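The values are calculated or read from the model by the stated rules, or taken from the named source; none is laboratory data. All figures in this text were calculated on a predicted structure; none of them were measured in a lab. A quick note on method: Cβ atoms are made from the backbone with ideal geometry, for glycine too, and the neighbour counts reach across all protein chains shown.
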Amino acid sequence: MKQGLTSAAGFPACRPGEMLVTDAGKSHPGGVALSLRKQEFIRGVRDTLPLLLGAFPFGLIYGAVAATSGLSPAAAMAMSAFVFAGSSQFIAVGLVAAQTPVAIIVLTTLIVNLRHMLYSATLVPYLKDLSQKWRIPLAFLLTDETFAVTVHRFRQGDASAEKHWYQLGSSVAMYLNWQFWCLSGLMLGKKIPDASDWGLDVAMPITFIGMIIPFVKTTPVAVCILAAGAASLLSLNLPYKLGIVVSAFVGIAAGLMTERNLKKAKRALAS
Amino acid sequence: MTASECILIAGMMAVTFGIRYVLFALADRIRMAPWIEASLKFIPPAVLTAITLPAVLLPKGEWHLSFSNPYLVAALVTTAAGIRTRNLLATIAVGLGAFFGYRLLL
């Protein structure tokens, strides 16, 4: 991991061509854009590296579970390659093993992945000037992890017009990581039937806690996560992981109300 | 791959991509009300928390609210490490170390 970080960070400096491009860019704006794009892409990959650690056990366990679910290995890999949505893949494989009708599995996938619509809503202001040629792959590759790191990049105040390359770098890193570990899980599947007892699944909450903390900078956001957390525990009985979306709305409402009340209180103090 | 597997994957791909893409597709035509725009910043922490907290307090799908729950202990250590270090990789390393170390102790 550490080595990966260093080599990714050192990559531009290691290439003699890189400096040339930057220098030439002073007279050719295209050169600057090319170099900036590469820098953004590499930064996106680099900032996502720690999160690959959180996704790998899930890929491995997904592959192992898929291998015993009755789904063919080709179909299990095709699902990773074309659907690329961890939690819904897990649920789908479980439903396949229980011989659930296809239409129900597809409907379940739709509901489980609803949170992605909240993610894309958040990114709309930053992607609205991109061509559809960009929006399609960025949408296809959208995950919890890429979303969480990319939002921070988009919100940074610098004027870089190539921040979508950062998102692409993060997306590609997540995609390749997921395919690799799913394939490994499939191949090891029957040899490690107790993989889900190893406790590797702890990697998900740990990486997610690491992702949440940088967002908690203001009182309204703190109230928002407290409310969303409480709601997630009260909505455990909702099917299809609907509790996630419901709790998100509870958290958002609590955050908005706190923000309004704080503003009101400030105005009252000022007048 | 059987025909029904192809239909399953095509269906899952269509709905998943559809959900991820529909707002991107209309991005330049969407006019957001100011209060909706103000609510966007709460989406990442709200969704991530709603995914994470149940995974920590009900690690195997059952409530486990005690210090014999290594997921809970690791989550508390991770939170402290995250606030202290402000470094994602260090936070995750400390959290994983806490989990597997604590499980050895138990």
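Out of segment A:124-134, which residues are within 7 Å of another protein chain (Cβ to nearest Cβ) and aliphatic (A, V, I, L, M)?
Result: A:Val124, A:Leu127.
For the subset of segment B:59-82 comprising residues that are modelled with pLDDT of 95 or more and within 15 Å of the chain's Cα centre (by Cα), which member is surrounded by the most Cβ atoms within 10 Å (Cβ to Cβ)?
B:Thr78
If I go through segment A:57-95 residue by residue, how many of them are under 24 Å from A:Leu138 (Cα atoms), surrounded by 23 or more Cβ atoms within 10 Å (Cβ to Cβ) and more than 11 Å from every other protein chain (Cβ to nearest Cβ)?
2
Kindly indicate whether any position in segment A:160-169 is aromatic (Phe, Trp, Tyr) and either farther than 19 Å from A:Met77 by Cβ or surrounded by fewer than 16 Cβ atoms within 10 Å (Cβ to Cβ) (or both).
yes
For segment A:228-244, enumerate the residues that are surrounded by 17 or more Cβ atoms within 10 Å (Cβ to Cβ) and at the interface with chain B (Cβ under 8 Å from one of its Cβ atoms).
Result: A:Ala228, A:Gly229, A:Ala231, A:Ser232, A:Gly243, A:Ile244.
Among the candidates A:Asn177, A:Asn261, which residue alone is assigned by TED's automatic domain parsing to the domain that holds A:Ile105 and modelled with pLDDT of 95 or more?
On inspection, the qualifying residue turns out to be A:Asn177.
How about segment B:4-25: which of its residues are more than 7 Å from chain A (Cβ to nearest Cβ) and at pLDDT below 95?
Once the filter is applied, which keeps residues that are more than 7 Å from chain A (Cβ to nearest Cβ) and at pLDDT below 95, segment B:4-25 yields nothing.
Per-residue answers, yes or no, for (1) more than 9 Å from chain B (Cβ to nearest Cβ); (2) without any contact (Cβ under 8 Å) to a residue 24 or more places away in the chain; (3) under 28 Å from A:Met77 (Cβ atoms):
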site: A:Ala97; (1), (2), (3): yes, no, yes
site: A:Pro101; (1), (2), (3): yes, yes, yes
site: A:His116; (1), (2), (3): no, no, yes
site: A:Thr122; (1), (2), (3): no, no, no
site: A:Ile136; (1), (2), (3): no, yes, yes
site: A:Asp144; (1), (2), (3): no, no, yes
site: A:Val149; (1), (2), (3): no, no, yes
site: A:Arg155; (1), (2), (3): no, yes, no
